[in-house]
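So the structure is just underneath, and the comments pick up after that.
Since every read-out is calculated from the coordinates, none of them should be taken as a lab result. As the structure is a computational prediction, the values presented were derived from the model and not from experiment. Cβ: placed from backbone, ideal geometry, glycine included. Neighbour counts: every protein chain shown.
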């Protein structure tokens, strides 16, 4: 535990119960801001990926596999 975290925990332990409600609200607000920033970054990244997306023509998987084997191994049909 860092010294800062330990100091914060010590202060919380000394605080009266009825005041902890306000601290809890502040902590939720700070946590919400952190979560909002994270979500904004995720949304931006998703939009960038969406811009890169494009349609792929209909693929013949067997033909693609055959072409790949021909290029890599020099054989088209292993059966």
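Grab the beta carbon distance between residue 14 and residue 44, set R0 = 35 Å, and tell me the FRET efficiency rounded to 0.05.
0.25
Mind pulling the angle between the C-alpha long axis of helix 3-14 and the longest principal axis of the chain? Nearest 10 degrees, somewhere in 0 to 90. It works out to around 50 degrees. For Kirkwood radius over Cα pairs in Å, the candidate list reads (i) 18.8; (ii) 13.3; (iii) 14.1; the entry that matches the value derived from this model is (i). The angle separating the long axis of helix 17-52 from the principal Cα axis of greatest extent in the chain is about 20 degrees. The long axis of helix 61-73 is offset from the longest Cα principal axis of the chain by roughly 80 degrees. Think of it as helices only: each DSSP H run of n ≥ 4 in the chain is worth -39500 (n - 2.57), and spread over all residues that comes to -26500 deg cm²/dmol at 222 nm. Spin-label pair residue 69-residue 2: with each label point 7 Å from Cα along the Cα-Cβ axis, the two points sit 5.7 nm from one another.
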